[in-house]
């Protein structure tokens with residue numbers, strides 16, 4: 001495992017809800033990433049975003065860990081729950097809230113707080129960038 | 001390009017009730033695929049989509065597919 005891979009795994013394990021996206025929560029650069037964030041927002045979930053764009057290695061290592069080839073990827077309580085299509089579908093059926101409750105209890109609401117953290121080797125992994 | 005995806009999905013899901021490929025923009029790189037197959041019964045949505053990604057691994061890796069939307073349904 002590379003340092004970057006370790007860092008990605010640590011983030012997946014540590015963050016209750018983490019979305020790997022193209023861009024940041026404030027400036028999303030991809031329609032699919034935006035759909036995933038909107039689905040999380042629609043149920044009032046707090047989340048941490050990770051921008052995969054600064055380094056192609058982030059996406060490569062992430063897909064190696066998750067066996068999921070595309071971006072976005074949303075993890076809840078350390079488990080991959082899906083990309084944009086699945087998260088949107090789960091939000092529409094009410095299953096997203098059920099999954100959040102199952103994995104996280106009540107803590108996921110937490111005021112709908114959003115942040116983006118950096119993941120590249122050149123930066124502190126938990127520096128808030130947006 | 002839609003035909004290539006259709007062929008790959010038909011091959012991967014021979015028992016599918018429906019396989020549909022839509023070129024969302026007409027540009028041959030943004031697709032929405034729908035697969036209805038009994039193979040999805042009992043699988044999580046993540047595992048259902050993984051089967052579709054497996055079927056389309058080649059066009060995903062060679063950059064043919066820039067964006068992919070997936071809808072999967074079991075047989076019911």
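Every number in this text was worked out from the coordinates using simple rules, so none of it is lab data. The structure presented is a predicted model; accordingly, all values stated were derived computationally and were not measured. A quick note on method: Cβ atoms are made from the backbone with ideal geometry, for glycine too, and the neighbour counts reach across all protein chains shown.
Descriptive notes on the structure:
- Principal-axis tilt of helix A:56-66 within chain A, Cα atoms, nearest 10 degrees: 50 degrees
- The order of the peptides B:13-24, A:8-19, B:61-72 by mean Cβ neighbours within 10 Å, most packed first, is A:8-19, B:61-72, B:13-24.
- For region A:3-110, the Kirkwood hydrodynamic radius comes to 13.6 Å, computed from all pairs of different C-alpha atoms.
- Net lengthening on full extension, residue A:107/residue A:14 (0.36 nm per residue, minus Cα-Cα): 32.1 nm
- Inter-label distance for residue A:57 and residue B:2, nm, one decimal - labels placed 7 Å from Cα along Cα-to-Cβ: 4.1 nm
- Calculated mean residue ellipticity, 222 nm, chain B: -10000 deg cm²/dmol, from DSSP H runs (n ≥ 4) at -39500 (n - 2.57) each, averaged per residue and rounded to 500.
- With a simple spin-label model that places each label point 7 Å from the Cα along the Cα-to-Cβ direction, the separation between residue B:46 and residue A:6 comes to 2.4 nm.
- Whole-number Å³ per residue for the convex hull built on Cα positions in chain B: 74 Å³
- Protection proxy ranking, peptides A:82-91, A:47-56, B:30-39, A:105-114, average beta carbon neighbours within 10 Å, highest first: A:82-91, A:47-56, B:30-39, A:105-114
- Approximate shape of region A:49-98 as ellipsoid semi-axes (Cα gyration tensor, √5λ), whole Å, largest first: 23, 10, 9
- Here the spin labels are modelled as points 7 Å beyond Cα on the Cα-Cβ line, and at residue B:18 and residue B:58 they lie 2.7 nm apart.
- Estimated FRET transfer efficiency when R0 is 22 angstrom, pair residue A:98-residue B:73 (beta carbons, to 0.05): 0.65
- Rounded FRET efficiency, nearest 0.05, which uses the C-beta distance separating residue A:89 from residue A:26 and R0 of 25 Å: 0.50
- All C-alpha to C-alpha distances of the protein assembly as shown, sorted into 5 Å bins beginning at zero, yield P(r) values of 1, 7, 15, 19, 19, 16, 11, 7, 3, 1, 0 percent in whole numbers.
- Linear extension gain, residue A:41 paired with residue A:65, 0.36 nm per residue minus alpha-carbon span: 6.1 nm
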